[in-house]
1. Per the Kirkwood definition applied to all pairs of different Cα atoms, how many angstroms is the hydrodynamic radius of region 51-177?
2. Count charges around Leu116 for me, please; just the other residues with Cβ under 11 Å from its Cβ, Lys/Arg as +1, Asp/Glu as -1.
3. Output the antiparallel fraction of DSSP beta bridges having both residues in the chain, as a percent to the nearest 5.
4. Using a Cα-Cα cut-off of under 17 Å, which lysines could be cross-linked to Lys90, ignoring same-chain neighbours fewer than 8 residues away?
5. Please list, or write none, the lysines whose alpha carbon is within less than 21 Å of the alpha carbon of Lys23, excluding same-chain residues fewer than 8 places away.
6. Return the aspartates and glutamates within reach of Lys51: Cα separation strictly under 15 angstrom, same-chain partners fewer than 8 residues apart disregarded; answer none if there are no such residues.
7. Which entries in Lys94/Lys117; Lys29/Lys166; Lys29/Lys94; Lys53/Lys117; Lys77/Lys166 show an alpha-carbon gap greater than 24 Å?
8. Quick one: net charge around Pro6, please, counting Lys, Arg +1 and Asp, Glu -1 for every other residue with C-beta under 14 Å from its C-beta.
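Bear in mind these aren't lab numbers, they're just calculated from the coordinates by the rules spelled out. Here the structure is a predicted model, which is why all the values come from computation and not from measurement. Glycine gets a Cβ as well: all are built from the backbone with ideal geometry, and neighbour counts include every protein chain shown.
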Amino acid sequence: MSQSRPTVADIERAIRNIPDFPKPGIQFKDITPVLADARLFSGSIDLLTEKFKPGSVDAVVGIDARGFIFAAAAAVKLQAGFVPVRKKGKLPYKTHEQEYALEYGTAAVAVHVDALKPGSRVLLIDDLLATGGTAAAAASLVKGLGAQILEISFLIELGFLSGRDKLKGYPVRSLIVY
Ligand code: AMP
């Protein structure tokens, strides 16, 4: 018999909080115990994709690096393509880049110029929404290619950082909110 589907609470219990990683003051949400558990990993993909039927999404866009893990699995489940939005300098072909503000300085993400067809239906996924800068920059790259964002989905949202404010105009969904 197949295993029962986990609840969001089951997934939340497996997320490990690592204080002061990678620097003092950050409470790092370690999702590797979720990935290592077959039932929780597959359940998290079911929950992240539950609004969509296979064939209703053309591409799942994942954000470097943990977003790739969830987005790639979601793409297979939805019979969609997978497109990486990577940190600047990592993609080999011609790219569009989008800068965003960090606490100190700026960072940039990039996408291949031909990664999405205009009008394609996209689900954008990352593991965690913090201040929203990364997801907003990724969304802007997707829009810049003329694609349509059906939803931006996260496993985890740090609600106290108000990252959603940077994603106004997009449907945003998070499974677990701290
Ligand atoms: P932000 O641009 O501030 O929303 O940061 C989101 C990105 O940074 C995501 O790709 C996350 O993987 C990563 N991130 C930020 N804060 C954390 C945290 N506390 N724990 C784990 N990952 C984080």
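1. Working: mean 1/r = 0.0698 Å⁻¹.
14.3 Å is the Kirkwood radius here.
2. On the way: positive: Lys117, Arg121, Lys143; negative: Asp58, Asp114.
That sum, taken over residues with Cβ under 11 Å, equals +1.
3. Antiparallel: roughly 35 percent of the beta bridges in the chain.
4. none
5. Lys87
6. Glu151
7. On the way: Lys94/Lys117 15 Å; Lys29/Lys166 21 Å; Lys29/Lys94 33 Å; Lys53/Lys117 20 Å; Lys77/Lys166 29 Å.
From Lys94/Lys117; Lys29/Lys166; Lys29/Lys94; Lys53/Lys117; Lys77/Lys166, over 24 Å: Lys29/Lys94; Lys77/Lys166.
8. Net charge around Pro6: -2.
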